[in-house]
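The values are calculated or read from the model by the stated rules, or taken from the named source; none is laboratory data. The shown structure was predicted, so the numbers you read here are calculated from the model rather than taken from an experiment. Every residue, glycine among them, receives a Cβ derived from its backbone with ideal geometry; neighbour counts consider all protein chains shown. All accessible areas refer to the heavy atoms of the entire protein, side chains included, with ligands and DNA or RNA removed. Shrake-Rupley method; radii C 1.70, N 1.55, O 1.52, S 1.80 Å.
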Amino acid sequence: MAEGAGRIYYGWYVVAAAFVVMLTGFAAAYSFSAFFPALQHEFEASRASVSLVFSVGGALYFWVGAISGPLSDRFGPKWVCLFGFCALGGGLVAAAFAPNLAVVYLGFGLGIGIGVGFTYVPAVGAVQPWFLRRRGFASGLAVSGIGVGTLVGPLIASALIATVGWRDTFVALGLGAAVIGAMASLILQNDPSRRPGGLRDEATGTAAAVVSTGLRDALRTRPFVLLYASAACLSFALFVPFVHLVPYALDHGFTVATGALVLGLVGVGSTVGRFLVGSVADRFGRLDVYVCCFGGVAMTFFVWLLASELVLLGVFAFVFGTFYGGFVALAPSVTVDYFGPKSAASIIGFLYSSVGIGTLLGPPFAGFVFDRLGGYDYAIVAGQYAAIIATGLAMLLPDPKRWNAE
């Protein structure tokens, strides 16, 4: 959409920058599954203890969003993201020199936790104020960077580990993510009023005004409570595949590279879901499609329970990724539909702390189940029930327009 004669609306530059920021950060985060066998062998550790490395980082970056969101609203996303990528790069380099698994917790866990925590929420929050009618599409386009990162991160990591070992791979990923992410961060802005013409209605090209709810008021509302509780339940299931798909593939006779490829299919499905779901939701209703994504996750876990052959495992990975991508794409937009864009990063950051709860509990629980029972079946069933409960909670959400009118 044009900002003026011959000029591209700046919101699309923000979308592109957010895409790169999220691709870079999550490629580093979701590469962890490729490191799983090497770390387990190097430190003679159980699957539960190795799983906890990712869970510490994953939970932390969702909890840190409650800090980085308000900072981004106050100081702008650019500087917050720059700090995040410095922390991410430093943490992965530190993990490369770990003499024991505890240092990997500190390096990877804190590096990914602080790094992604200070980049994800500010980047996705920066996109929301620039769009009205096409907010779902714009948000989906931006967060599709996570899907691409999910695809390329494990593949790059597994190839590098086979060539130079896991320690040098941590160094390469850390430095590469820091440089690329920092460059993209410089483009981010979250205040359309600072650009010529301000916020524009995508359909008419005219200036637009919106009404927003502040953070404190939003936290006390029924929609926020339901958004928070449903996301917490769903995330218990969501992050188990990201940690355990590669070990699951190994248990069924496949190689690490094949397992990384299966995990990459989650990224492919996620990217497709973010592109497709955002546009569909803008047309048919963002909340309705959002709730469907919850039910879709529950359905795919039943497929995973039956997946012992590579084809069915690949089908699970792709379809699961599609619904996961839809959830990630629509969560910020649905939140802004209820509360407006003024405090978008702050509210989204507090909402995402719920995802940190499930992220911390889900993968270690699956690892604990495997260590005790020698298989993942009960963990997969538990994830499915968590997703079903999440779907029920999401179905209780009121219509955003009706709720705002009331």
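Looking for whichever is surrounded by 24 or more Cβ atoms within 10 Å (Cβ to Cβ), at pLDDT 90 or above, of a type outside the set (K, R) and under 19 Å from V268 (Cα atoms) here; the options are A157, A138. Which one fits?
Working: A138 fails: at pLDDT 90 or above.
Checking each option against the conditions leaves just A157.
Looking at (1) of a type in the set (D, E, K, R); (2) farther than 18 Å from W166 by Cβ; (3) surrounded by 21 or more Cβ atoms within 10 Å (Cβ to Cβ), find the lone condition where R47 falls short.
Failed condition: (2).
Being touching a residue at least 40 places away in the same chain (Cβ under 8 Å) and in contact with a Lys or Arg (Cβ under 6 Å, 6 or more places away or on another chain) is true for just one of G325, G340. Which residue is that? Steps first, please.
Numbers: G340 fails: in contact with a Lys or Arg (Cβ under 6 Å, 6 or more places away or on another chain).
Sole residue among the options that is touching a residue at least 40 places away in the same chain (Cβ under 8 Å) and in contact with a Lys or Arg (Cβ under 6 Å, 6 or more places away or on another chain): G325.
Can you tell me which residues in the range 329-345 are open to solvent by less than 10 Å² (accessible area, probe 1.4 Å) and either β-branched (V, I, T) or on the phi < 0 side of the Ramachandran plot (or both)? Talk me through it step by step, then tell me what you get.
Residues of the range 329-345 that are open to solvent by less than 10 Å² (accessible area, probe 1.4 Å), as a first pass: 329-336, 338-340, 344-345.
Within the range 329-345, A329, L330, A331, P332, S333, V334, T335, V336, Y338, F339, A344, A345 qualify.
Out of all the residues in the range 46-55, is one or more charged (D, E, K, R) and in contact (Cβ under 8 Å) with a residue 24 or more places away in the chain?
Keep residues of the range 46-55 that are charged (D, E, K, R), which gives 47.
Retained after the next criterion (residues that are in contact (Cβ under 8 Å) with a residue 24 or more places away in the chain): 47.
Yes, the range 46-55 contains at least one residue that is charged (D, E, K, R) and in contact (Cβ under 8 Å) with a residue 24 or more places away in the chain.
What are the residue pairs meeting all of these: first residue in the range 288-316, first residue of a type in the set (S, T, Y), second residue surrounded by fewer than 17 Cβ atoms within 10 Å (Cβ to Cβ), Cβ atoms under 6 Å, and 6 or more apart or on different chains?
The qualifying pairs are S308/H252.
Please specify each residue of the range 63-79 satisfying the condition of being open to solvent by 10 Å² or more (accessible area, probe 1.4 Å) and in a helix (DSSP H, G or I).
Going through the range 63-79, the residues open to solvent by 10 Å² or more (accessible area, probe 1.4 Å) turn out to be 63-64, 66-67, 70-71, 73-76, 78-79.
The answer is W63, V64, A66, I67, P70, L71, D73, R74, F75, K78, W79.
Going by what's in this entry, would A87 be described as over 21 Å from G57 (Cα atoms) and surrounded by fewer than 24 Cβ atoms within 10 Å (Cβ to Cβ)? Quick ask: steps written out before the conclusion?
Details: over 21 Å from G57 (Cα atoms): no; surrounded by fewer than 24 Cβ atoms within 10 Å (Cβ to Cβ): yes.
In short, no.
Could you look through the range 102-130, keep only residues that are under 13 Å from G76 (Cα atoms) and open to solvent by 10 Å² or more (accessible area, probe 1.4 Å), and pick out the one that is modelled with the highest pLDDT?
For the range 102-130, the residue satisfying everything is F118.
Identify, by number, the condition in (1) more than 24 Å from G113 (Cβ to Cβ); (2) of a type in the set (F, W, Y); (3) touching a residue at least 40 places away in the same chain (Cβ under 8 Å) that Y378 doesn't meet.
(3)
Say whether the condition of being outside any helix (DSSP H, G or I) and at pLDDT below 75 is met by at least one residue in the range 178-196. First the steps, then the outcome.
Filtering the range 178-196 for residues outside any helix (DSSP H, G or I) gives 186-191, 195-196.
Subset that is at pLDDT below 75: 195-196.
Scanning the range 178-196 turns up at least one residue that is outside any helix (DSSP H, G or I) and at pLDDT below 75.
Of the residues that sit in the range 304-315 and are in contact with a Leu (Cβ under 7 Å, 6 or more places away or on another chain) and part of a helix (DSSP H, G or I), which one is least open to solvent (accessible area, probe 1.4 Å)?
Taking the range 304-315 first, the residues in contact with a Leu (Cβ under 7 Å, 6 or more places away or on another chain) are 306-307, 312, 314.
Now narrow it down to the ones that are part of a helix (DSSP H, G or I): 306, 312, 314.
On the way: L306: 101, L312: 65, G314: 11 Å².
Here the answer is G314.
Here is a check on your reading of the model: is A94 in a helix (DSSP H, G or I), of a type outside the set (K, R), at pLDDT below 90 and open to solvent by 10 Å² or more (accessible area, probe 1.4 Å)?
Values: in a helix (DSSP H, G or I): yes; of a type outside the set (K, R): yes; at pLDDT below 90: no; open to solvent by 10 Å² or more (accessible area, probe 1.4 Å): yes.
No.
Quick check on the range 249-302: of everything there that is surrounded by 20 or more Cβ atoms within 10 Å (Cβ to Cβ) and hydroxyl-bearing (S, T, Y), which residue is nearest to the chain's Cα centre (by Cα)?
This residue is S270.
Report yes if F323 is within 18 Å of the chain's Cα centre (by Cα), farther than 20 Å from G392 by Cα and open to solvent by 10 Å² or more (accessible area, probe 1.4 Å), otherwise no. So that I can check it myself, show each step before the final result.
On the way: within 18 Å of the chain's Cα centre (by Cα): yes; farther than 20 Å from G392 by Cα: no; open to solvent by 10 Å² or more (accessible area, probe 1.4 Å): yes.
Judged against the criteria, F323 is not a match.
In the range 354-402, which residues are touching a Lys or Arg at 6+ places or on another chain (Cβ under 8 Å) and either open to solvent by 20 Å² or more (accessible area, probe 1.4 Å) or among the basic types (K, R) (or both)?
F370, D371, P398
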